[in-house]
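The values are calculated or read from the model by the stated rules, or taken from the named source; none is laboratory data. Quantities reported herein were computed from a predicted structural model and do not represent experimental measurements. Every residue, glycine as well, gets a Cβ built from its backbone with ideal geometry; the counts of neighbours run over all protein chains shown. Side chains are part of the model used for accessible areas, which takes the heavy atoms of the whole protein and leaves out ligands, DNA and RNA. Shrake-Rupley method; radii C 1.70, N 1.55, O 1.52, S 1.80 Å.
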Amino acid sequence: WLSFKNNINVLGFQNRVIRTGFSHQSNGQSGALSRSWNRVYVDFLFERDNWYFSLKPWWRIPESDNSDDNPDIDDYLGNFELGGLYKHNQHNFNFLVRNNLQASDNHGAIELGWSFPVSKNVRGYVQWFNGYGESLLDYNAHTNSLGFGVKLTDWL
């Protein structure tokens with residue numbers, strides 16, 4: 001990937017970085033369990049005060065019909081992600097939205113998360129996911145899940 005510093009103001013938000021790159025995602029399986037896809041993307045990172053946003057559209061690189069193990073993956077994982085994070089004191093609240101933008105057969109996903117301090121170097125994390133694509137193997141199965149975990153670092 002390539003990253004470019006930027007300082008364009010869009011509706012009061014500063015577009016600090018534009019990243020572009022190639023992404024290969026695979027579950028490492030073969031045969032009927034194989035799932036993979038390749039994409040090129042652009043990711044626009046915005047910030048204002050305690051708000052941070054990422055707008056990441058992509059284009060799937062086409063594969064030949066005989067080697068594509070998931071030809072409809074972009075129907076479920078969509079064409080973009082919109083992510084965001086809000087910092088309030090020691091708490092971080094984040095979201096992620098994905099959608100295919102098809103009126104007739106719309107699929108997408110939403111993810112909400114909350115990160116909070118447990119100790120000086122450990123944070124707790126709660127995440128809710130609803131939609132398609134929580135796992136690559138079951139990208140075309142609707143999932144509604146709640147998860148709990150720990151984080152050893154925060155990127156912000």
- [ ] Given the options 99, 121, 70, state which has the largest fluctuation in a GNM of the chain using a 10 Å cut-off (strictly under) for Cα springs.
- [x] 121
Open item on the list: Relative contact order for the chain: what percent, with Cα pairs under 8 Å and sequence separation of 6 or more?
Closed with: 14
- [ ] Subtract the Cα-Cα distance of residue 104 and residue 33 from 0.36 nm times their separation in residues, and report this length gain in nm to one decimal.
- [x] 22.7 nm
Task: the chain - charge dipole about Cα centre, Lys and Arg +1 at Cβ, Asp and Glu -1, debye rounded to 20 - done: 940
Open item on the list: Quick check: from the Cα gyration tensor, does the stretch 1-50 come out rounded (a/c under 1.5), prolate or oblate?
Closed with: prolate
- [ ] Hey, can you find the accessible area per residue of the stretch 24-124 for me, probe 1.4 Å, expressed in square angstrom?
- [x] 58
- [ ] Once you've got the GNM for the chain with C-alpha springs shorter than 10 Å, pick whichever of 115, 26, 104 has the biggest mean-square fluctuation.
- [x] 104
Open item on the list: Quick check: the distance between the Cα centres of the stretch 123-156 and the stretch 75-110, to the nearest angstrom?
Closed with: 12
Task: Orientation-averaged projected area, Cα convex hull of the stretch 15-156 (nm²) - done: 10.0
Task: 222 nm mean residue ellipticity, helices alone, for the chain (DSSP H n ≥ 4; -39,500 (n - 2.57); rounded to 500) - done: -500 deg cm²/dmol
Task: Reachable lysines, given that their alpha-carbon falls under 19 Å from the alpha-carbon of residue 87 and they are not under 8 places away in the same chain - done: 120, 151
TODO: Give the cross-link partners of residue 5 among the lysines, using a straight C-alpha distance below 22 Å as the criterion and excluding same-chain residues fewer than 8 apart.
DONE: 56
TODO: Would you mind telling me the share, in percent, of accessible area of the chain contributed by carbon and sulfur at probe 1.4 angstrom?
DONE: 56
Open item on the list: So for each of 17-23, 75-81 I average, over its residues, the number of other beta carbons within 10 Å; can you give me the resulting order with the highest mean first?
Closed with: 75-81, 17-23
Open item on the list: Just want to confirm a number: the relative contact order over the stretch 86-156, from Cα pairs under 8 angstrom separated by 6+ residues, in percent.
Closed with: 24
